[in-house]
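Here is the structure we will look at, set down as structure tokens.
The values are calculated or read from the model by the stated rules, or taken from the named source; none is laboratory data. Because the structure is predicted, anything quoted here is derived from the model rather than measured. Don't worry about glycine lacking a Cβ; one is built from the backbone with ideal geometry, like all the others, and counts go over all protein chains shown. For the accessible areas, the whole protein counts, side chains as well, though only heavy atoms, and no ligand, DNA or RNA atoms are used. Shrake-Rupley method; radii C 1.70, N 1.55, O 1.52, S 1.80 Å.
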Amino acid sequence: MNKIYDKLILAVAALLLAGGVALYLQQSGATPSVSDTVNVQTADNPYKVVPITPSKSVDANWPEVTAQPSGPKWIYDVFTPPKIYVDLNTGEFSADPPVKVAPPVPFGVYLAGIERKPYRIQLEGYIEEDRSDSSKTLLLMFDEEAQKQVRARPGDDVERADFKLLSFDIDRKRDSNNNIEITAKATILDQRTGEEVVLTHGERRYDSGVTVIIRSEEDSSYTQEISEVPTEFEGPNGQYTLQEINLEESSVTVEKHAVEGEEAEIRVLRVQSAPSSTPPVNRVPAKETQPDQNDVFDLMF
């Protein structure tokens, strides 16, 4: 009996489903067939082809540009790592360039000194016996050639030093603070040249000439003494010309002549001592050293 009821229920369900599908088709209308076509009309203004103007090619002359160095010592490129070293004594780092560069040609000479020859008679001091009578003043002179002191009074003829003391004058002036400024001058007759020379107390008098001493960094035995400008001279590294002497700044201007492969170079040289050789630095590659991390951090400060 149960099977008959199940079949009846299934048949009723099938009829209800078929009736629902038929009702849906009636309400939605007929389904268009595949053969039906859609008639599409163009607008009143149909699409017009717009012509494309061809571009004009322009020939450009690109100049040859080479990479500009960042400085005379900058020779590194993208793939040129340097060799880094660490000084075991100081902990400082240094590096060798990956490409060996020829060292610059040294200038070759340096200024060792500028000497002015002192005048052969100097005024060292004086002793006033009577301020109202300068002829009674005793002057203390110094003979540079004999390296000895000479005493004389105005009017004395000092034959052993070849001069005559003509006069001695003292000028006393007061400044704004009522301080006394004293200027003492002695006038002598140089019996060698026949000229009158004024000597001022407290000021060393020099002859008009000057001597420049040039030495070489490469040859310690090389010495050149020059008293006039311009003067050409030969050094271990080429030909030079002393162009100017500046006594105020204790400097000279020297030109190194051009040679094949080198241009002329002009430098202002100032008095310096002979260059000293420094001991070699104990360097090892940084990658071979394993310092303590705390020590490396301390070296940065």
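Taking Cβ atoms as reference points and 15 Å as the exclusive limit, the residues near residue 169 contribute a net charge of -1, counting Lys and Arg as +1 and Asp and Glu as -1. Computing FRET efficiency as 1/(1 + (r/R0)^6) for residue 136 and residue 211, where r is the C-beta to C-beta distance and R0 is 35 Å, gives about 0.30. In a DSSP loop and with at most 15 other Cβ atoms within 10 Å, the trypsin sites (Lys or Arg not before Pro) in region 124-202 are 131, 192.
Descending by average beta-carbon neighbour count within 10 Å, the peptides 258-266, 228-236, 103-111 line up as 103-111, 228-236, 258-266, the highest first.
Projected label points at residue 169 and residue 24, each 7 Å from Cα along the beta carbon direction, are separated by 14.0 nanometres. Accessible surface for residue 201 stands near 80 Å², nearest 10, in the context of the full protein assembly shown (1.4 Å probe). Computed from label points 7 Å out along Cα-Cβ, the spacing between residue 48 and residue 129 is 13.0 nm. For region 178-238 and region 122-162, compute the distance between their C-alpha centroids and round to whole Å. Region 178-238 and region 122-162 have Cα centres spaced 23 Å from each other.
Spin-label pair residue 266-residue 176: with each label point 7 Å from Cα along the Cα-Cβ axis, the two points sit 4.3 nm from one another.
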